[in-house]
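Each remark here refers to the structure printed beneath this line.
The values are calculated or read from the model by the stated rules, or taken from the named source; none is laboratory data. Worth saying up front: this structure is predicted, and the values here are computed from it rather than measured. As a convention, Cβ positions derive from the backbone with ideal geometry for all residues, glycine included, and neighbour counts pool all protein chains shown. Surface areas here come from the heavy atoms of the whole protein model, side chains and all, with no ligands, DNA or RNA. Shrake-Rupley method; radii C 1.70, N 1.55, O 1.52, S 1.80 Å.
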Amino acid sequence: MRSLAPDRRPKFGGDAQFQNEVRQRVHAFLTSTGRRERDVGAMYAKTALLLAALAGLWTLLVFFANTWWQAVPLAILVGLGTAAIGFNVQHDGGHHGYSDKPWVNKMMARTLDLVGGSSFYWHFKHGVFHHTYTNVAGHDDDVEVGFFGRLTPHQKRRSYHRWQHLYLWPLYGFLAMKWHLFDDFKTFATSRIGNHRVPRPQGADLLVFVIGKLVFLSWTLIIPLMFHSVGTVAVFYAVGSLFCGLVLSVVFQLAHVVEEAAFPLPEGDAARLAQSWAAHQVETTVDFSRDSKIASFLLGGLNFQVEHHLFPQICHINYPAIAPVVEETCKDFGLKYRDHGSFWSGVASHYRWLRRMGQPPAAVVAPAA
Ligand SMILES: [Zn+2]
C-alpha cells in the first residue's frame, strides 16, 4: 500500500524584492492606463461568444451533419471549443482572475465541469501544485506522464524514452479522453494527485462534481447515442477529444517543458528551493507567439505564461499590455525573461528537449559553441 505520509512541501529561498517590485509596477501601469484588472468587458463578451459557439457547433454536429466531411471538421471544432473554454473562461475563473466577485469566479471556474474536468480537483492540481511548484519533479503533477516519458532531468529514464520525442506527440491527444473518463474518478477514489493528498469534494462541491460529470457525459455521449449508432458516436467523440488533448498538451509543454526552462530541485533537509517564488516562476516558464493576436485571443493569454504565472489573478485580456512591464522588471533584477518568439520555435524546442531527456547520459552531446 502506498505511504500516506503527509506532504513535505518545498520552501522558497531568496527574498520578495522582485515580487514586490513587479507587482507594484504592473498595478501602477494598469491604474495609469485605466485598465481593469478583473471584470473586463471584453472577457464577458468572449465568454458568451465561446459558449454560444460551442453550443452551435455541437447542435450542427449532432442534429444536422449528414456526411463524414461535415461531421469531422465539426467534431474537431467542438473538441477545440471545449479547450478554448478551458483556456479562456474556466482558467481565469479558477484563478480568481475573472471578476472581483467570488461567485462569478466560481461560476466561470465551474464551466470546466461542463467540458469534462473537475473545477474542484483542478484547483489543487493546477492552482496549487502546478502554480506553486512549477517544474519541480515530484511536486508539479503537470510534468509527470508516468512511465510514458521523461520530461525533467530528475525523473527515471527508461530505454524506450530514446524515442519519446517521436511517440509522445500522438499520445498527447489522449490527455483529454483520459481526463474525461479516468483521472477525476481515480482522484475521487484515492484522494491523491501525484505525491499530494487532496480532500474529497463535499456538499455543494460534491453536487457540482456529480452533476458536472452527468452533464458532460450527456452532451458528449448519451444524447448523441439517441440519434446515432455507438460506432458513430465513439468515432466522433474520439476525433474531438484527440484534438482537444493535443492542443491542451502542446500549449502546456511549450510554456514549461522546453530547453529554455529550468527544472530546479529543493535542496537540503529543509527542502528549500534556491530562488524566491516569483523568480522561480520566471525561471521555469516561457512565453510564445506574443505578437499573435489570434493566439492571444484563442489561448486565453497562455502564450503569455510568464505574466500568467506572476499574475494569475489578473484577467488574461491584460497580459499583452503588461508583458513589457514584466520583461523590463526582469531585466532590472538580472532575471532572464524567456520567450520563444513563434509557436513553431517553441514546438522545436520541446522536440529537442524531449529528445535530450530520452537519451542515455553519455549520448547527450553539448551543442557546439
Ligand atoms: Zn494557471
- [ ] Take the stretch 298-323 and flag every residue that is more than 12 Å from the ligand (Cβ to nearest atom), among the hydrophobic types (A, V, I, L, M, F, W, C) and more than 16 Å from residue 252 (Cα to Cα).
- [x] 315, 317, 321, 322, 323
- [ ] Looking at (1) crowded, with 22+ Cβ neighbours inside 10 Å; (2) modelled with pLDDT under 95, find the lone condition where residue 128 falls short.
- [x] (1)
Open item on the list: Can you say whether residue 223 is surrounded by fewer than 15 Cβ atoms within 10 Å (Cβ to Cβ), touching a residue at least 12 places away in the same chain (Cβ under 8 Å) and among the aliphatic types (A, V, I, L, M), as far as the supplied structure shows?
Closed with: no
TODO: Would you mind stating whether residue 150 is more than 14 Å from the ligand (Cβ to nearest atom) and touching a His at 6+ places or on another chain (Cβ under 7 Å)?
DONE: yes
Open item on the list: So for the stretch 148-159 (the condition being over 18 Å from the mean Cα position of the chain (by Cα) and assigned to a helix (DSSP H, G or I)), does at least one residue qualify?
Closed with: yes
Task: Single unsatisfied condition, residue 136 versus (1) hydrophobic (A, V, I, L, M, F, W, C); (2) buried (at least 20 other Cβ atoms within 10 Å of the Cβ); (3) part of a helix (DSSP H, G or I) - done: (3)
Open item on the list: Tell me the residue from 147, 64, 120, 87 that is closer than 25 Å to residue 234 by Cβ and either in contact with a helix residue (DSSP H, G or I) (Cβ under 8 Å, 6 or more places away or on another chain) or surrounded by fewer than 19 Cβ atoms within 10 Å (Cβ to Cβ) (or both), please.
Closed with: 64
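Here is a yes/no grid of residues against (1) in contact with a Cys (Cβ under 7 Å, 6 or more places away or on another chain); (2) under 21 Å from residue 33 (Cβ atoms); (3) assigned to a helix (DSSP H, G or I):
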site: 297; (1), (2), (3): no, yes, yes
site: 319; (1), (2), (3): no, yes, yes
site: 330; (1), (2), (3): no, yes, yes
site: 334; (1), (2), (3): no, no, no
site: 344; (1), (2), (3): no, no, yes
site: 350; (1), (2), (3): no, no, yes
site: 355; (1), (2), (3): no, no, yes
Open item on the list: Within the stretch 72-83, take every residue that is hydrophobic (A, V, I, L, M, F, W, C) and open to solvent by less than 10 Å² (accessible area, probe 1.4 Å) and give me the one that is nearest to the ligand (Cβ to nearest atom).
Closed with: 83
Open item on the list: I'm checking my understanding of the structure. Among residues of the stretch 107-133 that are touching a residue at least 40 places away in the same chain (Cβ under 8 Å) and aromatic (Phe, Trp, Tyr), which one is farthest from residue 212 (Cα to Cα)?
Closed with: 133
Task: Condition check for residue 59: at pLDDT 95 or above and open to solvent by less than 60 Å² (accessible area, probe 1.4 Å) - done: yes
Open item on the list: Checking the conditions here, which among 269, 183 is under 24 Å from residue 152 (Cα atoms), surrounded by fewer than 14 Cβ atoms within 10 Å (Cβ to Cβ) and of a type in the set (Asp, Glu)?
Closed with: 269
- [ ] Might you check whether a residue that is within 16 Å of the ligand (Cβ to nearest atom), open to solvent by less than 20 Å² (accessible area, probe 1.4 Å) and part of a loop (DSSP other than H, G, I, E, B) occurs anywhere in the stretch 98-112?
- [x] yes
TODO: Those residues that are crowded, with 21+ Cβ neighbours inside 10 Å and farther than 16 Å from residue 91 by Cβ, I need them from the stretch 244-261; list them, please.
DONE: 245, 246, 253, 257, 258, 261
Task: Residues located in the stretch 271-289, provided they are more than 16 Å from the ligand (Cβ to nearest atom) and touching a strand residue (DSSP E or B) at 6+ places or on another chain (Cβ under 6 Å) - done: 272, 273, 276
- [ ] Tell me, yes or no, whether the stretch 327-336 has at least one residue that is away from the ligand (no atom under 16 Å from the Cβ), open to solvent by 70 Å² or more (accessible area, probe 1.4 Å) and under 17 Å from residue 256 (Cβ atoms).
- [x] yes
